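The values are calculated or read from the model by the stated rules, or taken from the named source; none is laboratory data. What you see is a predicted model, and the numbers here were worked out from it, not measured in a lab. Don't worry about glycine lacking a Cβ; one is built from the backbone with ideal geometry, like all the others, and counts go over all protein chains shown.
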Amino acid sequence: MAKAYVLIVNESGTEDSVISNLNHIPSVTTAFGTFGAYDILTKLVSSDEEDIQHDISNGIRKISNIRSTLTLLVDKKPGISKTNEIEQKVLDTHMAQAFVTIHCSKSDEPKVMKNLEGITEVIETDILVGNYEAICRIAAPTYNDISEIVSKKIRKIPGIKSTITINVVNNQGFSR
């Protein structure tokens, strides 16, 4: 299974329109409005990596009002997923969520992944190819709790050099 994340910066106030267009792209399984450096985070999944590349180049990047994108390719190594579809829908509705990109040494990657798996609030993790080594999705009751998890649990993992937190805007986006 091929996967990628695309972080999107769009023209101010056009998030709903961009998300609506993303919903028509076959490999886009998730699109959330975010706050911070990026406006939207999307996840693409397909049985064929070429489909993902096509959907990014000829789908996402062709949507009007998108100013820039950052593609994070997921490595073929297995990640971590702690939720099923029904549980994820509950989290999407009732919890604050964020994605955290993680930079660490490649040699520290297995230890970092093992430590992330041990953090209850980390519900999904993928190993990346490129600028970051991993991305994880966390869920907690509030954004203050998200901040605590990142600063007191994730950033304390030995080997992590830096993180970027991308907070998800509740009720703006879709997950299928």
Cβ pairs under 8 Å, 6+ apart, first in the stretch 107-122 and within 11 Å of A134 (Cβ to Cβ) and not assigned by TED's automatic domain parsing to the domain that holds I166, second of a type outside the set (S, T, N, Q) and modelled with pLDDT of 95 or more: none
When residues of the stretch 1-60 are filtered for being of a type in the set (V, I, T), within 23 Å of Y132 (Cβ to Cβ) and touching a residue at least 60 places away in the same chain (Cβ under 8 Å), how many remain? 7
Can you pull out every residue in the stretch 140-176 that is part of a strand (DSSP E or B), of a type in the set (A, V, I, L, M) and more than 15 Å from the chain's Cα centre (by Cα)? A140, I160
Return the only residue of D51, D126 being under 23 Å from P26 (Cβ atoms), in a helix (DSSP H, G or I) and not aromatic (F, W, Y). D51
Tell me whether the stretch 99-116 contains one or more residues that are modelled with pLDDT under 95, under 20 Å from T34 (Cβ atoms) and either part of a loop (DSSP other than H, G, I, E, B) or within 16 Å of the chain's Cα centre (by Cα) (or both). no
Taking interchain pairs and intrachain pairs at least six residues apart, which have beta carbon atoms under 8 angstrom, with the first residue in the stretch 80-100 and closer than 13 Å to R176 by Cα and the second of a type in the set (V, I, T)? Q88/I123
Yes/no for C104 being out of contact with any Leu (no Cβ under 8 Å at 6 or more places or on another chain), surrounded by 15 or more Cβ atoms within 10 Å (Cβ to Cβ), in contact (Cβ under 8 Å) with a residue 24 or more places away in the chain and not aliphatic (A, V, I, L, M): yes
Taking L128 as the residue in question, decide whether it is touching a residue at least 12 places away in the same chain (Cβ under 8 Å), over 24 Å from L22 (Cβ atoms) and buried (at least 19 other Cβ atoms within 10 Å of the Cβ). no
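Residues are listed down the side, and each one gets a yes or a no for (1) within 24 Å of S162 (Cβ to Cβ); (2) within 16 Å of the chain's Cα centre (by Cα); (3) modelled with pLDDT under 95:
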| position | (1), (2), (3) |
| --- | --- |
| M1 | no, no, yes |
| H24 | no, no, no |
| I52 | no, yes, no |
| I56 | no, yes, no |
| I80 | yes, yes, yes |
| V90 | no, no, yes |
